[in-house]
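The values are calculated or read from the model by the stated rules, or taken from the named source; none is laboratory data. Source: prediction; values computed, not measured. As a convention, Cβ positions derive from the backbone with ideal geometry for all residues, glycine included, and neighbour counts pool all protein chains shown. When the accessible area is computed, the model is the full protein with side chains, heavy atoms only, and any ligands, DNA or RNA have been set aside. Shrake-Rupley method; radii C 1.70, N 1.55, O 1.52, S 1.80 Å.
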Amino acid sequence: MSANLPAQEAAHIAPRPFFRTPVTEAPLIKFTLIAIGLAFIVAMIFLPLAAVFFEAFRRGAEPFFAALVEPDALSAIRLTLFVAAISVPANLAFGLVASWAIAKFEFKGKSFLITLIDLPFSVSPVISGLVYILLFGSYGFIGPWLIAHGYQIVFAVPGIVLATIFVTFPFVARQLIPLMEQQGKGDEEAALSLGATGLQTFFRVTLPNIKWALLYGVLLCNARAMGEFGAVSVVSGHIRGKTNTMPLHVEILYNEYNFVAAFAVASLLAFLALVTLVLKSVLEWRYSGELAASSRH
Amino acid sequence: MVNLPRAAATSAAREIERHRHAPVRIDIEELGKSYGNFAALENVSLTVKPGELLALLGPSGSGKTTLLRAIAGLTATEQGTIRFDGEDATVLSLRDRRVGFVFQQYALFRHMTVFDNVAFGLRVRPREERPRAGEIARRVRRLLELVQLDGLEKRFPSQISGGQRQRVALARALAIEPRVLLLDEPFGALDAKVRKELRSWLRELHTETGLTTVFVTHDQEEALELADRVVIMRAGQVEQVGTPSEIYDEPATPFVCEFLGGVARFEVTAKDGEADVLGSAFPLEGDSDYCGPALAYVRAHELEIVARERAEGVPAVIRAVRPFGPTVTVELSVEGRQSRIEAEVPRELYSSGELGIGQGVFIRATAARIYAAN
Amino acid sequence: MNSLATSLRPAPSVLPGWGITMGLTLTWLSLIILIPLAGVFIKSAGLGWDEFWRLALDPRTVAALKLSFGAALIAAGVNVVFGFLAAWVLVRYEFPGKRLFDAAIDLPFALPTAVAGLAFTALYAPNGWLGSWLVPLGIKVAYTPLGIVVALIFIGLPFVVRSVQPVLADFDRELEEASATLGATRLQTVVKVILPALLPSLLTGFALAFARGVGEYGSIIFIAGNIPYVSEIAPLLIVIRLEEFNYAGATSIAAIMLVISFALLLLINLLQAWNRRRTGIQA
């Protein structure tokens, strides 16, 4: 009845003055809260991000691009991509295998096993690097034997890969396990009863159901793999042009007071993070129903 | 469970009596509320008498819950007034309005024990009005006694049954010594058996507290059985107000007839304020010399199956017989009519073997309500 | 490992692949995570009790551990307050750019820690955007323990927000209405009805932010100044000990950090489980 009444009656229909639904805050309080909340997000998130790009272009575009194409930078980019290209698929495979075993079967100690998979989240990255030095270093448990036979693990690329796998270990699995548990195993049982083999069931039934969550997990895993600093720093040995990833390269440039170059490489990493965020948000907005609601990190 | 231990209950009721003012009268005048183009309430005027138990009955979307929430002050209305004993309630804050509201899903605080839930309304009072801890504990125990939950003080809502939660919600609403008690579908979330038990218990409780009480329901049986008066709502408007027997015996509109259920509908033609239903003539409600299309409603027990040889009424064929309960329900098909008609007939007719399926009979109506179709 | 897998024995199921997938999971988990981590404790045990405590109680180590745990505690506490506020604003209010702000909360998950560290250093340096305001006021952030806290607030923020947000979004508005009809003021409703219901999720967010903060390295070392006994965090001290080839020293610090972190996480898990059993509220 109300929508198109003449104007003189509109006043009659306007909400009563001073009436506020009892479960909302007064406008003044509301705006204050929004202001504080957003100011906090701006100060903690947007300002640092802006600072990276600002510092990178402080002396214009030329030094910026020069810093990205010099040989050491290029080799750091190559190594970062190489490390991600190994560690992400490794964790992808592990995530699929582990979530099948954990989500599709009932067994004792399930939550303990999930806790073990989550362990790397609560271990300092530095310790994640340290453990491999204790194993493979020249004074380590099996390091001397390996080195004697010509296998250099730490202070070399294999150590960097291992440390990266360690810190990104839970990403895919913890994305898939809650989703697959939530989906149950009815679809798989139906497929099997219709005569599909185990592998057919997995690739034709299970995988399509989890593809967006899988992509989401891979995205986060990749961001961390390319950006990892602490763990990689410990095992890398910092050999320029050989065992320097992009984040390590940033540190070296910074310590040499080559700020523009440091921020240039850093801004490349920040750009990568922004792309990750955009893709992640798109996945969340579009396929929120197909990502497990319980775990958004 | 239904039968209260009388002594305990009355002493608890006396306790409430001490803190109670005279029951409140609610006057609602020309209340209006819309969501965009949808009118949730339209020109609703209604008086709830002091101490009365009033049911708001209607299908979903009829505005009954909106009306209840408006009385509580939970939903803002755009037009009209609500007065408690003459005082404009629409300008009062919820705290000053002091209504006891029982939510359909109870809305118990899950992190609080039963005791803390009931005590909540007393503990959030301004310091100068707040009873001392000992007094709060005494009152909460009395209320839990009244709703027969003594001994469950330390339980959490997740640890008690649905019916018990319902009563905790009621005790919590009563703890603030409300001026009116409002219940939204009070039995909606319970299974059929518990529902029946709680129904008569609520009636008793109302008698003992004497509070002006309004409850919402979509179950006509519940409304007619429980309430002093029933308000039937449709599309945001009041369709009929009356005592259960008024509503049942004199449904004001075709809508009320159909909503109460158990009727067969006939499309008939009226002439000079009369219409023929199943071979008998009946007067129209209201307008006495109306001519034109009309709707006739006949309740199942107002249909009679007559002996073949009398050839009264219209011919029908028995399609199914449901011989349960004090009467026997017979499904009949009548020529020229799509849907079957249900008739309730005495058991003797069934016992005498006259109700064979497929058998042809004659039926006639002993009463009918006829309304002019617009 | 495969024999262990079969000995776990799941409830009967028609789905195939239990043995192989569980076997692979346990093998890979052991090789990558469990055996290397166990190395820390084996190495520590090899030091002997006295030597271990001599290293652990070294004043510089103690100072670094205190700083790491203390700064992480403060930062997680700040995040509980501001993270709750941010989650509240993002869930309850509508304003332009809401989606952008919501998405931005996850930046600390995606941004490499070293980049964050550099960014904060640039911001809070005496000539930086914020430093040029704060330093004249006598507030020094860069190269002080305060800088560490700021970096850790950044790192921990999304943990709290993302823990609280879904719970707040699902919160039953009728509970707030019930509270209001019972006479509670809005503030009383928030404090007595909403906050207790959010407590488990706030605790989860706190624990995650704290655990992450204790071990954080990349975002801190640039801004901290790294002065021994003042602004030198435990992970950095591990790195320094390693560079001195003092593996025993590095390992003892790592062992202490791991034990304390795991104990705290266990404690919080137990608290959550107790609360869940008691009230049936899921975290």
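Are there any GluC sites (Glu not before Pro) in the stretch B:240-346 that are in a DSSP loop and have at most 11 other Cβ atoms within 10 Å? List them by number.
Details: sites: B:Glu246, B:Glu258, B:Glu267, B:Glu274, B:Glu285, B:Glu302, B:Glu304, B:Glu309, B:Glu312, B:Glu331, B:Glu335, B:Glu342, B:Glu344; in loops: B:Glu285, B:Glu312, B:Glu335.
Hits after loop and neighbour filter: B:Glu335.
Could you work out how far apart the two model spin labels at B:Glu335 and A:Ser281 are, taking each label as a point 7 Å from the Cα in the direction of the beta carbon, and quote it in nm?
In this crude label model, B:Glu335 to A:Ser281 measures out at 7.4 nm.
Please report, to two decimal places, log10 I(q)/I(0) for the stretch B:310-374 at q = 0.15, 0.23, 0.25 Å⁻¹ as given by the Debye formula with identical point scatterers on the Cα atoms and no solvent.
These q points yield log10 I(q)/I(0) values of -0.51, -1.06, -1.19.
On a 0 to 90 degree scale, rounded to 10, what angle separates helix B:6-18 from the longest Cα axis of chain B?
70 degrees
Report the paramagnetic label zone for C:Lys66: residues of the stretch C:217-246 whose backbone N is under 12 Å from a point 7 Å from Cα along the Cα-to-Cβ axis.
C:229-231
Please state the charge dipole magnitude for the stretch A:26-173, taken about the Cα centre, from unit charges on C-beta atoms (+1 on K and R, -1 on D and E), reported in debye and rounded to the nearest 20.
On the way: 7 positive and 6 negative charges, 80 e Å.
My answer is approximately 380 debye.
Among C:Ile221, A:Val167, C:Leu123, whose Cα lies farthest out toward the positive end of the dipole of the protein assembly as shown, if unit charges sit on the beta carbon of Lys, Arg (+1) and Asp, Glu (-1)?
Of the listed residues, the answer is C:Ile221.
Once neighbouring chains are kept in place and the probe is 1.4 Å, which whole percent of the accessible area of chain B is contributed by carbon and sulfur?
Working: 7790 of 16420 Å².
Of all accessible area on chain B, carbon and sulfur atoms account for 47 percent.
With both partners inside chain B, how many of the DSSP beta bridges are antiparallel, as a percent to the nearest 5? Numbers along the way, then the final one.
Working: 57 of 76 bridges.
For chain B, the DSSP antiparallel bridge percentage is about 75.
Would you work out which of B:Gln159, B:Ser34, A:Ala56 lies farthest towards the positive end of the dipole of the protein assembly as shown? Charges go on Cβ: Lys and Arg +1, Asp and Glu -1.
Result: A:Ala56.
Apply 1/(1 + (r/R0)^6) to the Cβ-Cβ distance of A:Lys30 and C:Trp129, taking R0 = 30 Å, and write down the FRET efficiency to the nearest 0.05. Kindly include the intermediate steps, with their values, before the conclusion.
Numbers: r = 29 Å, r/R0 = 0.96.
My answer for the efficiency is 0.55.
Given just the C-alpha atoms of the stretch C:7-85, how large is their convex hull per residue in cubic angstrom?
Working: hull volume 15.0 nm³, N = 79.
In the stretch C:7-85, the Cα convex hull volume per residue is 190 Å³.
Check B:Val328: other-chain or 5+ apart residues with amide H under 5 Å from its amide H, H built from backbone geometry?
B:Val345, B:Arg347
Do the alpha carbons of any pairs in A:Lys104/B:Lys193; C:Lys66/C:Lys140; A:Lys30/B:Lys33 sit beyond 30 Å of each other, and which pairs?
Violating the 30 Å limit, Cα to Cα: A:Lys104/B:Lys193.
Counting only the heavy atoms of the protein chains, how much of B:Asp27 is accessible to a 1.4 Å probe, in Å² to the nearest 10?
30 Å²
Calculate what fraction, in whole %, of the accessible area of chain C sits on carbon and sulfur atoms when a 1.4 Å probe is rolled over the protein chains. Display every interim value, and only then the final one.
Details: 7860 of 11210 Å².
C and S atoms contribute 70 percent here.
Excluding A:Val260 itself, calculate the net charge of residues whose Cβ lies under 14 Å from the Cβ of A:Val260, where each Lys or Arg counts +1 and each Asp or Glu counts -1. Spell out each step's value before the answer.
Values: positive: A:Arg58, A:Arg59; negative: A:Glu55, A:Glu62, A:Glu70, A:Glu256.
That works out to -2.
Over both sides of the A-C contact, add up the buried accessible area with a 1.4 Å probe and give it to the nearest 100 Å². Mind showing how you got there, number by number?
On the way: alone 17730 and 16330 Å², together 25860 Å².
When A and C are taken together, about 8200 Å² of accessible area is lost.
Counting helices only, and only those DSSP H runs with n ≥ 4, report the 222 nm mean residue ellipticity of chain B as the sum of -39,500 (n - 2.57) divided by its residues, in deg cm²/dmol to the nearest 500. Please list the in-between numbers first.
Values: 11 runs with 107 residues, N = 374.
Calculated mean residue ellipticity at 222 nm is -8500 deg cm²/dmol.
Would you mind getting the accessible area per residue of chain C, heavy atoms of the protein chains only, 1.4 Å probe, in Å²? Write out the running numbers ahead of the final one.
On the way: 11210 Å² over 283 residues.
With the other protein chains kept in place, chain C gives 40 Å² per residue.
Would you kindly derive the ³J(HN,Hα) couplings of the stretch C:73-84 from the backbone phi angles with the Karplus curve 6.51 cos²θ - 1.76 cosθ + 1.60 (θ = phi - 60°), listing them in order in whole Hz, with x for Gly and Pro?
With the stated coefficients, the stretch C:73-84 comes to 5, 4, 4, 5, x, 4, 5, 4, 5, 6, x, 5 Hz.
With each pseudo-label sitting 7 Å past Cα toward Cβ, what's the C:Tyr229-B:Cys291 distance in nm, one decimal?
Once both label points are built, they end up 11.5 nm from each other.
Within 10 Å, at most 11 other Cβ atoms, and a DSSP state outside H, G, I, E, B define an exposed site. Report the longest part of chain B free of exposed trypsin sites (Lys or Arg not before Pro).
Numbers: sites that count: B:Arg127, B:Arg132, B:Lys154.
It works out to B:155-374.
To make sure I understand the rule: partners must be aspartates and glutamates, Cα under 14 Å from the Cα of B:Lys64, and not fewer than 8 residues away in the same chain. Which ones qualify?
Correct list for B:Lys64: B:Glu42, B:Asp184, B:Glu185, B:Asp219, B:Glu239.
Can you pull the mean other chain C-beta count within 10 Å for peptide B:96-106? Don't jump to the answer; show the numbers that get you there.
Working: counts 1, 4, 3, 2, 2, 6, 2, 6, 1, 3, 3.
Mean partner-chain Cβ count within 10 Å for B:96-106: 3.
Charges on Cβ only, +1 for Lys and Arg, -1 for Asp and Glu, centred on the Cα centroid of chain C; of C:Gly77, C:Ser13, C:Ile139, which one is farthest towards the dipole's positive end?
Most positive-ward Cα: C:Ser13.
To the nearest 20 debye, what is the magnitude of the charge dipole of the stretch B:228-329 about its Cα centre, counting +1 on the Cβ of each Lys and Arg and -1 on the Cβ of each Asp and Glu? Don't skip to the answer; put the middle values down first.
Working: 9 positive and 17 negative charges, 128 e Å.
The calculated dipole for the stretch B:228-329 is roughly 620 debye.
What accessible area, in Å² to the nearest ten, does a 1.4 Å probe give for B:His301?
Per-residue accessible area (B:His301): approximately 100 Å².
Please report the Cα spread of chain A along all three principal axes, rounded to whole Å, starting with the longest.
That works out to 93, 66, 30 Å along the principal axes.
Mind checking C:216-225 for the average number of partner chain beta-carbons within 10 Å of each residue's beta-carbon?
Working: counts 4, 10, 12, 3, 1, 4, 5, 0, 0, 0.
So the per-residue partner count for this stretch is 4.
Dipole magnitude of chain C about its Cα centre, charges +1 at Lys/Arg Cβ and -1 at Asp/Glu Cβ only, in debye to the nearest 20? The partial results should precede the final answer.
Details: 18 positive and 15 negative charges, 69 e Å.
The calculated dipole for chain C is roughly 340 debye.
Which order do peptides C:60-66, A:55-61, C:271-277, C:235-241 fall in by mean Cβ count within 10 Å, highest first? Don't skip to the answer; put the middle values down first.
On the way: C:60-66: 17.4, A:55-61: 15.4, C:271-277: 13.7, C:235-241: 23.0.
Taking the mean over residues of other Cβ atoms within 10 Å, the ranking is C:235-241, C:60-66, A:55-61, C:271-277.
So who's got an amide H within less than 5 Å of the one on B:Leu56, skipping anything under 5 residues away but keeping other chains? H placed 1.01 Å off N, in plane.
B:Phe215, B:Val216, B:Thr217, B:Val231
What FRET efficiency comes out for the pair B:Val317/B:Lys271, r = Cβ-Cβ distance, R0 = 30 Å, nearest 0.05?
Working: r = 29 Å, r/R0 = 0.96.
So, using R0 = 30 Å, E works out to roughly 0.55.
Considering all alpha-carbon pairs of the protein assembly as shown, what whole percent are spaced by more than 42 angstrom?
54 percent
Which chymotrypsin sites (Phe, Trp or Tyr not before Pro) from the stretch A:133-202 combine a DSSP loop assignment with at most 12 other Cβ atoms within 10 Å?
Answer in residue order: A:Tyr139.
Averaged per residue, what accessible surface does chain A expose to a 1.4 Å probe, in Å²? All intermediate terms of the calculation are to be shown ahead of the outcome.
Details: 13040 Å² over 297 residues.
With all protein chains present, chain A gives 44 Å² per residue.
Which lysines, if any, have their Cα less than 20 Å from the Cα of A:Lys280, not counting same-chain residues under 8 positions apart?
The reachable lysines, counting only those whose Cα sits under 20 Å from A:Lys280, are A:Lys211, C:Lys98.
Considering only protein heavy atoms and a 1.4 Å probe, what is the carbon-and-sulfur percentage of the accessible area of the stretch A:215-297? Show your work: numbers first, answer last.
Values: 1910 of 3030 Å².
Summing carbon and sulfur atoms, their accessible area is 63 percent of the total for the stretch A:215-297.
Suppose we compare each residue of the stretch A:201-238 in its chain alone and in the full protein complex with a 1.4 Å probe; which ones drop by at least 40 Å² of accessible area?
A:Phe229
Under the rule of -39500 (n - 2.57) per DSSP H run of 4 or more residues, summed and divided by the residues of chain A, what mean residue ellipticity at 222 nm is obtained, to the nearest 500 deg cm²/dmol? Before the final figure, lay out each step's value.
Numbers: 16 runs with 206 residues, N = 297.
Per the formula, -22000 deg cm²/dmol.
Roughly what would the spin-label model give for B:Glu348 and C:Ala263, points 7 Å off Cα along C-beta, in nm?
Using points 7 Å along Cα→Cβ, the separation is 9.0 nm.
On a 1.4 Å probe surface of the protein chains, which of A:Leu33, B:Leu144 comes out largest in accessible area, and what is the full order?
Working: A:Leu33 45, B:Leu144 0 Å².
The most accessible residue leads, giving A:Leu33, B:Leu144.
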